[in-house]
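Single-structure report; data block below.
The values are calculated or read from the model by the stated rules, or taken from the named source; none is laboratory data. Predicted model, so just to flag it, every value in this text is computed and none were measured. Using ideal geometry, Cβ is built from the backbone for each residue, glycine included, and neighbour counts are taken over all protein chains shown. We work out accessible area using only protein heavy atoms, side chains counted, and drop any ligands, DNA or RNA first. Shrake-Rupley method; radii C 1.70, N 1.55, O 1.52, S 1.80 Å.
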Amino acid sequence: MSRRRPAAYDHRVETAPDGSPVALYARLRPDGEPELIAGALARGASVLELGCGTGRIADALVALGHPTVGVDQSAPMLAYVRQAEPVLATIEGLDLRRRFDAVVLASRLVNVADQARRRARLATCSRHLGPGGVVLLERHDPTWAAQVADGPLGEHDGISFALEGITRDGDLLSATSVYVIDGRELRHRWTTRILDDNALDRELAAAGLARRRFLDPPATWVLATPAGS
């Protein structure tokens, strides 16, 4: 685990350990997530973001008045963090020996296919909560997952998005994301486990957490607190 800010990387060729292209996240801007998160927090609440990537959410939270620590396992991603405190580490098993008013698990990291890794990530969320703290996590919309098909998904920040090769096996969804940035195509094959409300509640309970409410109409952002609180 390192708190040193990594040196600059050539994001045009780098990928994170999970295959995510750094070029994509270096280009993407926040899409309302920081405001959604901040709206659920008290003024000045401290935040730990797990899997912060290039800091597009973490840096924006700092700008909104929330001191934020951003953890990611990818040094090329963390090289783009400018305002948040960067920590190079994996999520599973992390213990900063610090507590926060809020822990954020965005980017649908709760949908990791392996249950042991998912529960380890949620345990890390729980372990870093201070008194009265909340966990804010983002999941895949189960309705979207059931209906999505191969084809274009639109454009954002000058990037075109598409999916191809979609396959389903029970609650597992696999696909290849195709991104076109400045005329250059990037591809990322992934598999995710879709969690409906009941499955999500079971996974939260295993980490001593309980869902309290959804923060958005599609029910993709979830606010949870320690069970019994």
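Over the chain, DSSP H runs of length four or greater, each weighted -39,500 (n - 2.57), average out per residue to a 222 nm ellipticity of -5500 deg cm²/dmol.
The residues of the chain present an accessible area of 46 Å² per residue when probed at 1.4 Å with all protein chains retained.
Sparse packing (at most 11 other Cβ atoms within 10 Å of the Cβ) combined with a DSSP loop state is found for the following trypsin sites (Lys or Arg not before Pro) in segment 83-118: Arg97, Arg98. Residues within the reach of a label modelled at Ala63 (point 7 angstrom out along Cα to beta-carbon, backbone nitrogen below 12 Å), restricted to segment 15-57, are 29-35, 56-57.
Spacing of the modelled spin labels on Glu85 and Glu155, each 7 Å from Cα toward Cβ, amounts to 4.1 nm.
Calculated FRET efficiency, Val148 to Phe214, Cβ-Cβ distance, R0 = 25 Å: about 0.80 to the nearest 0.05. I want to make sure I understand the PRE zone here: with the label point 7 angstrom from the Cα of Thr167 toward its beta carbon, which residues in segment 81-118 have backbone N atoms less than 19 Å away? Residues 112-115 fall inside that zone. Placing +1 on each Lys and Arg Cβ and -1 on each Asp and Glu Cβ, with no other charges, gives the chain a dipole about its Cα centre of roughly 840 debye. Overall, segment 156-229 carries a charge dipole of about 180 debye about its Cα centre when +1 sits on the Cβ of Lys and Arg and -1 on the Cβ of Asp and Glu, all other atoms neutral. Using a simple spin-label model with pseudo-atoms 7 Å out from Cα toward Cβ, Leu96 and Asp201 lie 3.1 nm apart.
Hey, any idea what % of segment 104-229's accessible area is carbon plus sulfur with a 1.4 Å probe? Its accessible area is 50 percent carbon and sulfur atoms. Charges on Cβ only, +1 for Lys and Arg, -1 for Asp and Glu, centred on the Cα centroid of segment 109-229; of Ser174, Pro217, Ala227, which one is farthest towards the dipole's positive end? So the residue furthest toward the plus end is Ala227. For the pair Asp31 and Asp18 in one chain, pulling the backbone fully straight at 0.36 nm per residue adds 2.4 nm over the alpha carbon distance. Computing FRET efficiency as 1/(1 + (r/R0)^6) for Asp141 and Ala116, where r is the C-beta to C-beta distance and R0 is 35 Å, gives about 0.90. Taking the protein heavy atoms of segment 36-85 in the context of the full set of protein chains, the accessible area attributed to carbon and sulfur is 50 percent at 1.4 Å.
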